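Note sheet for the following structure.
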Amino acid sequence: MAISISLTVNGAPISASIDPGTLLVQFLRDQLRLTGTHIGCDTAQCGACTVHLNGRAIKSCNILAVQAEGADITTIEGLAQNGALHPMQAAFKHCHGLQCGFCTPGMVMCAVSLVQSQPDLTGDDVRAQLDGNLCRCTGYHNIVKAVLEGAEGMKSSGTANANANAAATAPATA
Ligand code: FES
Ligand code: FES
């Protein structure tokens, strides 16, 4: 039996009828066609499916879509504003923090949430907090560089404190 949900995705109000067993990542990808959120494992191991729920990074393969009832969801498609990359996206590009790019949306979403909760980071902080996001290509060095550069970009653009909800809690994706 289908169930109705209402939530906000990338600033747009959405109402939909879904199977109660639909995972949030399935809803985003299959129903809303927001395919920037990837599925790497489907078992909460890799972080490729990371999105923000009320400003906090979560693995969208790990919750049902109905659990997002009333929530404010941001996916990788919602980060760029007016055609300009988010500072964290720009830093990943500048620092070559990706190769195949499969892990990148999840890495970026987790990194943004991390900086919003902890603007002043060390490389060790980044490695510890992003350990729930796996990359098979880069060896992580350039990802850490990118997150540190992205943190500086977020602070100078004022987006490091963009979400009060995120400031209250560290990312929950590890
Ligand atoms: Fe969700 Fe891997 S697909 S953690
Ligand atoms: Fe290929 Fe991370 S860039 S998995």
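Annotations for the structure displayed:
- Rolling a 1.4 angstrom probe over the protein heavy atoms with all chains in place gives the chain an accessible area of 47 Å² per residue.
- Residues of the range 52-83 with amide N under 16 Å of a point placed 7 Å along Cα→Cβ from Ser6: 66-73
- Relative contact order of the range 9-135: 29 percent, from C-alpha pairs under 8 Å at least 6 residues apart in sequence.
- Signed unit charges on C-beta, dipole axis of the chain, positive-most listed residue Gly158, Gly97, Asn54: Gly97
- Relative to the longest principal axis of the Cα atoms of the chain, the long axis of helix 104-117 makes an angle of roughly 80 degrees.
- Taking the Cα centre of the range 27-174 as reference, the dipole from Cβ charges on Lys and Arg (+1) and Asp and Glu (-1) amounts to some 240 debye.
- Net charge over other residues, Cβ less than 15 angstrom from the Cβ of Gln67 (K, R count +1; D, E count -1): -1
- The label-point distance for His96 and Arg127, in a model that sets each label 7 Å from Cα toward Cβ, rounds to 2.1 nm.
- Ellipticity at 222 nm from helices only: DSSP H runs of n ≥ 4 in the chain, each -39500 (n - 2.57), divided by the residue count, give -8500 deg cm²/dmol.
- Against the main long axis of the alpha-carbon atoms of the chain, helix 141-157 sits at an angle near 80°.
- Accessible surface of the chain, 1.4 Å probe: 50 percent of it comes from carbon and sulfur atoms.
- Computed from backbone phi with θ = phi - 60° and the Karplus coefficients 6.51, -1.76 and 1.60, the 3J(HN,Hα) list for the range 17-31 is 10, 9, 5, x, x, 5, 6, 4, 5, 5, 4, 5, 7, 8, 8 Hz; x is used for glycine and proline.
- Anisotropy class of the range 27-69 from Cα gyration tensor, a/c 1.5 cut: rounded
- Local charge for Thr8 was computed over the other residues whose Cβ lies under 13 Å away, with Lys and Arg +1 and Asp and Glu -1, and equals -2.
- Database remark: amide H of Leu23 closer than 5 angstrom to the amide H of Ala65 (H placed geometrically; neighbours at sequence offset of 5 or more, or on other chains; Pro and chain starts carry no H).
The values are calculated or read from the model by the stated rules, or taken from the named source; none is laboratory data. Since the model is a prediction, treat every value here as computed from it, not as a measurement. Every residue, glycine as well, gets a Cβ built from its backbone with ideal geometry; the counts of neighbours run over all protein chains shown. These area figures cover heavy atoms from the full protein model, side chains too; ligands, DNA and RNA do not enter into them. Shrake-Rupley method; radii C 1.70, N 1.55, O 1.52, S 1.80 Å.
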